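Peer 1: This is the structure I have questions about; it appears just below.
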There are 2 protein chains.
Amino acid sequence: MIGNLLKKRIILASNSPRRKELLRNLNLPFDVLVKDVPEESFPPGLENDEAAAYLAVQKASYYMDLLYKDDIILITADTIVLCEDRIMGKPSGYEEAFNMLKSLSGKVHEVITGVALTTPGKQEIFDSVTKVYFKDLSDEEIDYYITNYKPYDKAGAYGIQEWIGMIGVTRIEGSYFNVVGLPVQKLYSELIIF
Amino acid sequence: MIGNLLKKRIILASNSPRRKELLRNLNLPFDVLVKDVPEESFPPGLENDEAAAYLAVQKASYYMDLLYKDDIILITADTIVLCEDRIMGKPSGYEEAFNMLKSLSGKVHEVITGVALTTPGKQEIFDSVTKVYFKDLSDEEIDYYITNYKPYDKAGAYGIQEWIGMIGVTRIEGSYFNVVGLPVQKLYSELIIF
């Protein structure tokens with residue numbers, strides 16, 4: 001099964017160093033190709049829990065010209081944070097990051113990563129949902145984290161693998177790597193049968 | 001609160017590079033001191049879920065001579081894997097590793113890390129339990145993992161942060177870092193009030 005996969009050319013369309021690192025750990029050869037595409041927003045009327053998959057498919061649409069041969073598999077992904085029916089993407093600056101972390105403090109939220117696998121002939125879309133529990137974060141802890149780690153490229157303004165995740169996350173339910181940015185176990189299973 | 005902690009001298013008594021790395025991520029200064037102590041076994045009659053804490057306390061007993069001043073905090077820890085009432089420590093070689101992973105395949109098990117914080121005057125003991133769900137692992141996957149990653153220094157014969165964790169773990173419930181080897185969030189909370 002893995003043998004067949006090794007004959008394909010896998011392209012990861014993502015700038016995220018965390019996604020690259022996670023995919024690398026699957027020990028499958030792949031290339032990273034990133035175009036300068038706009039950060040998408042999603043249309044009103046879409047259910048919150050469908051947003052991540054929608055954005056992954058949107059991203060894929062910018063890369064269709066790369067899929068000139070049937071043995072190429074394009075991987076696109078998008079991660080959102082969902083807390084009390086509010087979707088959080090990447091914070092625009094310190095203040096929004098602070099407010100996001102303040103909202104997550106002492107609560108459980110969901111991290112949803114949507115993934116699209118695309119070839120010239122077909123597309124498989126899936127997502128993974130992980131519940132993340134934060135302890136009560138003090139203003140000092142939030143300020144220390146944002147000032148030192150500048151989490152402006154991260155949905156919900158935090159990286160679970162960074163200091164704030166170490167001191168603040170009491171529990172998760174679901175895939176840890178999904179919170180880091182890519183549900184690698186599900187991705188591996190889907191790639192094998194794709 | 002963190003200020004008080006910075007005045008203490010923290011000693012981690014562990015050879016595990018993963019524990020060192022996790023503790024480092026808390027951004028607290030600490031030293032690593034390791035004695036050549038025997039791998040403990042635990043007495044019969046002990047409940048399985050008490051074994052990790054028992055072993056952490058046992059380890060601490062070898063280091064009491066280091067605690068000559070009140071501002072020194074010693075951290076000792078031990079991680080075990082508990083699957084269907086069977087405790088798994090580190091595998092002795094390929095065959096035991098293979099059998100352990102075969103036992104974990106397609107099932108849920110518990111990873112328990114016991115931690116002891118010790119000063120000359122007091123000791124705080126706690127543990128953290130994480131449920132880990134493995135998909136059905138094929139013999140080829142188990143063999144590939146053991147041959148390439150040699151998980152002989154790991155309880156239950158796997159590292160969740162390695163290839164087998166990426167492709168095999170479908171879900172966890174609890175602390176991820178606890179499975180890696182140290183429940184850093186709980187440790188941080190306990191250190192602050194210790």
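Peer 1: Determine which single condition B:Gly156 fails, assuming it passes every other condition in (1) crowded, with 24+ Cβ neighbours inside 10 Å; (2) out of contact with any Cys (no Cβ under 8 Å at 6 or more places or on another chain); (3) over 24 Å from B:Thr118 (Cβ atoms); (4) more than 10 Å from chain A (Cβ to nearest Cβ).
Peer 2: The one condition B:Gly156 does not meet is (2).
Peer 1: For B:Lys102, work out the one condition from (1) closer than 25 Å to B:Pro17 by Cβ; (2) in contact (Cβ under 8 Å) with a residue 40 or more places away in the chain it doesn't fulfil.
Peer 2: That leaves (1) as the condition not met.
Peer 1: Please determine whether any residue of segment A:50-57 is under 29 Å from A:Leu6 (Cβ atoms) and more than 12 Å from the chain's Cα centre (by Cα).
Peer 2: Checked segment A:50-57: at least one residue is under 29 Å from A:Leu6 (Cβ atoms) and more than 12 Å from the chain's Cα centre (by Cα).
Peer 1: Considering (1) at pLDDT 95 or above; (2) surrounded by 24 or more Cβ atoms within 10 Å (Cβ to Cβ), say which one A:Ile146 fails and leave the rest.
Peer 2: So A:Ile146 meets the others, but not (2).
Peer 1: Okay, moving on. Only one of B:Val57, B:Val37, B:Val81 is touching a residue at least 40 places away in the same chain (Cβ under 8 Å), closer than 18 Å to B:Val115 by Cβ and either within 14 Å of chain A (Cβ to nearest Cβ) or outside any strand (DSSP E or B) (or both). Can you tell me which?
Peer 2: Going through B:Val57, B:Val37, B:Val81 in turn, just one is touching a residue at least 40 places away in the same chain (Cβ under 8 Å), closer than 18 Å to B:Val115 by Cβ and either within 14 Å of chain A (Cβ to nearest Cβ) or outside any strand (DSSP E or B) (or both): B:Val57.
Peer 1: Out of (1) within 17 Å of the chain's Cα centre (by Cα); (2) touching a residue at least 24 places away in the same chain (Cβ under 8 Å); (3) within 10 Å of chain B (Cβ to nearest Cβ); (4) more than 28 Å from A:Tyr63 (Cβ to Cβ), the odd one out for A:Gly165 is which?
Peer 2: Only one criterion is unmet by A:Gly165, namely (2).
Peer 1: Test of understanding: among A:Ile142, A:Ile125, which residue is assigned to a helix (DSSP H, G or I), touching a helix residue (DSSP H, G or I) at 6+ places or on another chain (Cβ under 6 Å) and more than 12 Å from chain B (Cβ to nearest Cβ)?
Peer 2: Answer to the selection: A:Ile142.
Peer 1: So if I check each of A:Arg9, A:Arg19, which one is within 14 Å of chain B (Cβ to nearest Cβ), out of contact with any Lys or Arg (no Cβ under 6 Å at 6 or more places or on another chain) and touching a residue at least 40 places away in the same chain (Cβ under 8 Å)?
Peer 2: None of the other options fit; the residue is A:Arg19.
Peer 1: Go through segment A:169-185 and report how many residues are closer than 20 Å to A:Gly106 by Cα, at the interface with chain B (Cβ under 7 Å from one of its Cβ atoms) and not aromatic (Phe, Trp, Tyr).
Peer 2: Of the residues in that region, 6 qualify.
Peer 1: With the requirement that a residue be acidic (Asp, Glu) and more than 16 Å from A:Met100 (Cβ to Cβ), what does segment A:123-154 give you?
Peer 2: Passing the criteria: A:Glu124, A:Asp127, A:Glu140.
Peer 1: For segment B:84-122, which residues satisfy the criterion of being at pLDDT 95 or above, buried (at least 16 other Cβ atoms within 10 Å of the Cβ) and part of a strand (DSSP E or B)?
Peer 2: B:His109, B:Glu110, B:Val111, B:Ile112, B:Thr113, B:Gly114, B:Val115, B:Ala116, B:Leu117, B:Thr118
The values are calculated or read from the model by the stated rules, or taken from the named source; none is laboratory data. Keep in mind it's a predicted model, so treat the numbers as computed, not measured. Neighbour counts run over all protein chains shown; Cβ positions are idealised from the backbone, glycine included.
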